[in-house]
Amino acid sequence: MLVIIYFLSLYAFGVKSVLYVRTMRPLDFGFYLIGMIATIWYYRKHVKGGMLHLWEGLTICYVINTVAALLTGWFLLLFVTQIDPSTFTQYIADLKAFQISDKAAFVKQFNEEAFNQQLAKTEATRPADLIWDELLKKSLMTVFPALIISLIFRKQDYSVINP
């Protein structure tokens, strides 16, 4: 819910393109991290009696991340199809402008044909692709933070191993 409120507040304050990757939009991952930390803390303290295995922590982090990314993605899809379709049009235009401005570096690393394919792929983007985009980006961003959070909150009972 915090991510959706954050998105709507950016939209209300007139941020030029609230969906664009290079604006303040990726900062919403902080809300995902807060949710992961709060859930793991609560789970360890109240459900597991102060103990938490590393794998439990990782699982909780990935479940929180996946559910939040899917809900956010569906909200974005509904927003750009029902409330303000111009937001998606602006997103595609900004993304194409960024790709064209970075054309020299892209062509240097790959080639002209790959650049044209990437540009065509951007032009063919549909609003439904926002769900997968959100899910994939947030999943990649979660790998290291989930591991670190799980390691910090990990606490096992070693008396079982060493009687």
Once the piece of chain linking K48 and L136 is laid out straight, how much longer is it, given 0.36 nm per residue of separation minus the C-alpha distance between them? 28.6 nm
Angle between the Cα long axis of helix 2-12 and the longest principal axis of the chain, 0 to 90 degrees, nearest 10? 30 degrees
Taking K48 as the anchor, which lysines have their alpha carbon closer than 25 Å to its alpha carbon, excluding any fewer than eight residues away along the same chain? K155
Largest-first principal axis extents, alpha carbons of the stretch 44-105, Å: 53, 36, 12
If amide hydrogens are placed 1.01 Å from N in the peptide plane, which non-local residues have theirs closer than 5 Å to the one on L52? K155, Q156
With +1 on the Cβ of every Lys and Arg and -1 on the Cβ of every Asp and Glu, and nothing else charged, how large is the dipole of the stretch 88-163 about its Cα centre, in debye rounded to the nearest 20? 240 debye
Value of Rg to Rh for the stretch 88-152 (Rh from inverse mean 1/r over Cα pairs, i.e. Kirkwood): 1.13
Give me the log10 of I(q) over I(0) for the chain at q = 0.16, 0.19 Å⁻¹, as the Debye formula computes it from C-alpha points; what are the numbers? -0.95, -1.15
Arrange the following residues from fewest to most other Cβ atoms within 10 Å of their Cβ: L140, L130. L140, L130
Give me the extension gain from A104 to V15: residue separation times 0.36 nm, minus the current Cα-Cα distance, reported in nm with one decimal. 29.2 nm
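Every read-out reported here was derived from the displayed coordinates using simple, explicitly stated rules and does not represent laboratory data. Predicted model only: the values in this text are computed from it and were never measured. Quick reminder, even Gly has a Cβ in these numbers, built from the backbone with ideal geometry, and neighbours come from all protein chains shown.
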